[in-house]
Structure formats: C-alpha cells, structure tokens
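The values are calculated or read from the model by the stated rules, or taken from the named source; none is laboratory data. Only a predicted model underlies this, so the values are computations on that prediction, with no experimental measurement involved. Cβ: placed from backbone, ideal geometry, glycine included. Neighbour counts: every protein chain shown. Remember, those area values only see protein heavy atoms, side chains included, never the ligands or the DNA or RNA. Shrake-Rupley method; radii C 1.70, N 1.55, O 1.52, S 1.80 Å.
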Amino acid sequence: MVESVRKKSMVRIQSPEEMVRFVQKQKMAGRTIGFVPTMGFLHEGHLSLFRKAAETSDCVVASIFVNPTQFGDREDYINYPHDTERDARLAEEAGVDALFLPDESAVYPNGKEVTVKVNEKTEVLCGKSRPGHFDGVATVLTKLFNIVRPDHVYFGMKDAQQVAVVTSLIQAFHIPVRLISCPIVREPDGLAKSSRNVRLNADERKEAAELSKGLQQGMDAVKRGERDFDKIADAVRGYYRTHLKLGDIDYVDVLNYPDLKRNGKMLSGRFIIACAVCYGHARLIDNMTGDTSALFSEKDREA
Ligand code: AMP
C-alpha cells in the first residue's frame, strides 16, 4: 500500500475543497493520512518530519502556509523567506504525496470572525514575548486539521512549546488525531536548523552555535544533580554572558514539560531548558528536554 502511493508523483493542491476531496479518496482506499504543517523554506528539520510521516502513514500531506495571525511583527511576516519551487522538489523527494498551498483568503474566508484562544501554557517562554502567537497557531491548525482530517500529525521539538500547546488543543477539542513529536535537527556545530537562520550574517551565524552549548551547560548541571530551577537557568545564562557578544537574550528558562510550569520547589520529572536570542532580524529559539527519573542518553537531549 505504502509503495503504490509513494511511486506516484506529488500533487499540489491550492483549494481546501480539493484537499478535502483528495483526502476522502485516500481514506476510501484505506490509507492513513500523515500531516506535516509548515511555513515553507524547507530544511532538514522539515524533511525529517516528512520522512517520519512517510514511514508511519500511508499518505503524507504537507502544507506550506505562512500564517499571518501568528506573527506579531509585520516585518517578520512580510519578510518570511520563501521558495516554493525548491520546497516542492524537496518535499516530493522526502516522500510527500500532496502539498497543500492555500492562500490567505482560502484559509481565512471570514477573516478573524472566529478564532481559537489558548489560555494556558502561553504566559511563559515564547508566549510571553509573542502575545497572541499561540492563538494564531491554534487557530490555523484547527482549520488545517479540519481540512486534512489526518490520522497522525508530526511536529518538531524545535518548537517544544508549540508541541505542548497543540497537545492541549487536540485534547480540548477532541480532535481525533495522534501527535507525533520529532527530535530537533541541528547543524554540525549544534545550531538548530531554522528557516530564519538565513537572516544571520557570518559573525552572528558563528556565534549562534553557542546557543545549544549554553543549554548543554544546563543539562550538565542537572546531570550533576542540580535540582534548583534558577541555578540550572543560571548555568545557561552564565555561559551566554561570556560567549554571546552580538545576540540579545530574550529568555532563558527551566520548566517542567509539557506543563510549562515549575511543579514544586525542586526540579523533578520531565523538564525543558529553553532559550530565545535575538540577532538583528532573526529571533532564534532552542531547547533541550529530559527527565530526571530517566538515565540521560544522547536521545534525551533532543526528543
Ligand atoms: P515551521 O515551518 O517553522 O512552522 O516548522 C514546521 C515544523 O517543522 C514544526 O513542527 C517545527 O517544529 C519543525 N521544525 C522546524 N525546525 C526544525 C528542526 N530544526 N528540527 C526538527 N523540526 C523542526
């Protein structure tokens, strides 16, 4: 079943109605649908999600839609990088069967008449510095989930807060889909791959490798037995103080995951060490997650 779908070339679909028909046809043929929402300008991080979807679902749908309602900064939205032809080629090579490329009026036929509001997990990390961002994310994903009706959706842990919020969205609205979170894909020097990395100049790009090294200081402190949230965060901040000359720290925080709160006085259970650092036109985010009750392995750093 998987093979026969894979050999067909990828279709490009623009209208929600056509997407609904495509998915209905796949389901009638007994195929499971895996869905990967993206904003395009694809890199290895996105492709890892497509490949995972191709391994675990019969039919892979990916979307490219730069969602205006999740951008607070108009400049960032207008200047979001895009290259649809390159994206289409990469998506097809990575096993995508249908690429959904809707325009804004198709996704928002009634403008902002009805939107989704996320009330928890949004006062911390990126939610704090990007008010309304996760409302925009939850709104567009609710729309896309209703159009694509996937069995599985695939999200990268690069956006760990998004994974936590979407998990809540799925539960709150009884959306019949399983979320599969995938590890962060990094450059050889440790920088998490991101569509926004192209905005870094050479010096900024070099320095950006320090972000993950700083987070690793926090992970190392936990491994040594440190359980004080603030002291773990201080280990990261201390590293950044001496290694970041160009970037401005937006936040460094240590929280339980996926609750995104500090449960208790001392760190225990699943946790996240996360940061956001701003360079001229690029705000970079990164994180590492782990579990104090599990032995650390290479995988714990990423997944
Ligand atoms: P975006 O296009 O930035 O909205 O990202 C689309 C999906 O790709 C999200 O689920 C991201 O978390 C995921 N993603 C982005 N960068 C990476 C990365 N470096 N590693 C793994 N997943 C990623």
Relative contact order for the chain, counting Cα pairs under 8 Å that sit 6 or more residues apart, in percent
16 percent
Counting only heavy atoms of the protein chains, get the accessible area per residue of the range 149-301 (1.4 Å probe) and round it to a whole Å² value.
47 Å²
Of LYS193/LYS223; LYS25/LYS121; LYS112/LYS231; LYS112/LYS158, which ones are farther than 32 Å apart at the Cα?
LYS25/LYS121; LYS112/LYS231
Could you give me the ³J(HN,Hα) list for the range 260-272, computed from phi with Karplus coefficients 6.51, -1.76, 1.60 and θ = phi - 60°, whole Hz, x at Gly and Pro?
6, 9, 9, 8, x, 6, 10, 5, 8, x, 6, 8, 10
In nm, to one decimal, how far is the modelled label at GLU55 from the one at ARG241, with both set 7 Å along Cα→Cβ?
4.2 nm
Explain nothing, just the number: dipole magnitude of the range 163-303 about its Cα centre with +1 on each Lys and Arg Cβ and -1 on each Asp and Glu Cβ, in debye rounded to the nearest 20.
180 debye
LYS27: which aspartates and glutamates have alpha carbons under 12 Å from its alpha carbon, excluding same-chain residues fewer than 8 sequence positions away?
ASP58, ASP151
Give the calculated FRET efficiency between ASN146 and GLN24 to the nearest 0.05, with a Förster radius of 22 Å applied to their Cβ-Cβ distance.
0.95
The range 1-91: C-alpha gyration tensor shape, a/c 1.5 cut-off, then a/b vs b/c:
prolate
The long-range amide H neighbours of ASP250, using H built 1.01 Å from N in the peptide plane and a cut-off of under 5 Å, are ALA276, VAL277, CYS278
Compute the label zone of LYS206 within the range 216-241: residues whose backbone N is under 19 Å from the point 7 Å along Cα-to-Cβ.
240-241
Peptides 159-166, 210-217, 241-248: what's the order by average Cβ count within 10 Å, highest mean first?
159-166, 210-217, 241-248
Overall form of the range 172-226 per C-alpha gyration tensor (a/c, 1.5; a/b vs b/c)
oblate
Place a label point 7 angstrom from the Cα of PHE173 along the Cα-to-Cβ direction, then list the residues of the range 11-31 whose backbone nitrogen is under 11 Å away.
none
Can you give the charge dipole size of the range 113-220 about its Cα centre, rounded to the nearest 20 debye, using +1 on the beta carbon of Lys and Arg and -1 on the beta carbon of Asp and Glu?
240 debye
A 1.4 Å probe over the protein heavy atoms gives the chain a carbon and sulfur accessible-area percentage of 50 percent
Give me the extension gain from GLU113 to ASP291: residue separation times 0.36 nm, minus the current Cα-Cα distance, reported in nm with one decimal.
60.0 nm
If each DSSP helix of 4+ residues adds -39,500 (n - 2.57) and the sum is divided by the residues in the chain, what number results at 222 nm, nearest 500 deg cm²/dmol?
-12000 deg cm²/dmol
Name the chymotrypsin sites (Phe, Trp or Tyr not before Pro) in the range 25-102 that are in a loop by DSSP and that have at most 13 other C-beta atoms within 10 Å, would you?
none
Per residue of the range 196-211, in order, report the coupling 6.51 cos²θ - 1.76 cosθ + 1.60 (Karplus, θ = phi - 60°) as ³J(HN,Hα) in whole Hz, putting x for Gly and Pro.
7, 4, 5, 7, 7, 7, 4, 5, 5, 4, 5, 5, 4, 5, 6, 4
